[in-house]
Amino acid sequence: MRKVKIIFGLLVVGMIVVVVAQNLDFFLRRHAIGVDIGLVSYHTPDFSTAIYLMFFFFTGLMIAFLMGLSERFRSGKAIRNLTEALDAEKKKVAELDAKLTSAQSRLTQNPHEKPENQSGAAVS
């Protein structure tokens, strides 16, 4: 599987190299981006198209990372709460096992004794 990932990664990088090499004049063309909202007008300096593409690509990566980060914190908290609940249930199971073992040992030591119900009265 590792070799398949390496081969797939090399194919993707090769495709990117081919696209960039065939469109080099487009990627090196310089443009300025202008924003005019009526009261304020702003124009960026001339940058190549490749710089704009990389800027917006990495901005998207950062936004995706930050959105995933909040989900990761929520998942961590849920895992912590569920782990605490699991530990509490394991403790209850251990206590019930101890009670069962002690009840079985009492029954084997004294087989003629009548078991008691929860109210404390002997069962007939």
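Ranking Ser48, Ser70 by Cβ neighbours within 10 Å, fewest first, what do you get? Walk me through the numbers on the way to the answer.
Details: Ser48 14, Ser70 9.
The fewest-first ordering by Cβ neighbours comes to Ser70, Ser48.
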Classify region 1-108: rounded, prolate or oblate, from the alpha-carbon gyration tensor (a ≥ b ≥ c, eigenvalue square roots; a/c under 1.5 rounded; otherwise prolate if a/b is larger than b/c)? oblate
As an exercise, use a Förster radius of 22 Å and the Cβ-Cβ distance of Thr49 and Val17 to find the FRET efficiency, rounded to the nearest 0.05. 0.85
Considering only Asp25, Asp46, Asp36, give the residue with the highest GNM mean-square fluctuation for the chain, with springs between Cα atoms whenever their separation is below 10 Å. Asp36
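Please state the shape class of region 22-62: rounded when a/c is under 1.5, otherwise prolate if a/b exceeds b/c and oblate if not, all from the C-alpha gyration tensor.
oblate
Starting from the Cα gyration tensor of region 49-109, take the square roots of the eigenvalues, sort them a ≥ b ≥ c, and report rounded, prolate or oblate (rounded when a/c is under 1.5, otherwise prolate if a/b is larger than b/c, else oblate). Numbers along the way, then the final one.
Working: a/c = 15.42, a/b = 7.32, b/c = 2.11.
Verdict is prolate for region 49-109.
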On Cα atoms only, tilt of 2-22 relative to the major axis of the chain in degrees: 20 degrees
Euclidean distance of C-alpha centroids, region 47-90 and region 1-18, integer Å: 26 Å
Which value at 222 nm does the chain reach when only helices count, each DSSP H run of 4 or more adding -39,500 (n - 2.57), with the total divided by all residues and rounded to the nearest 500 deg cm²/dmol? -25500 deg cm²/dmol
In degrees, nearest ten, helix 49-109 long axis to first principal axis of the chain (Cα): 10 degrees
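Bear in mind that the values in this text are calculations on the coordinates, not laboratory data. Because the structure is predicted, anything quoted here is derived from the model rather than measured. With ideal geometry, Cβ positions are generated from the backbone for all residues, glycine too; neighbour counts draw on all protein chains shown.
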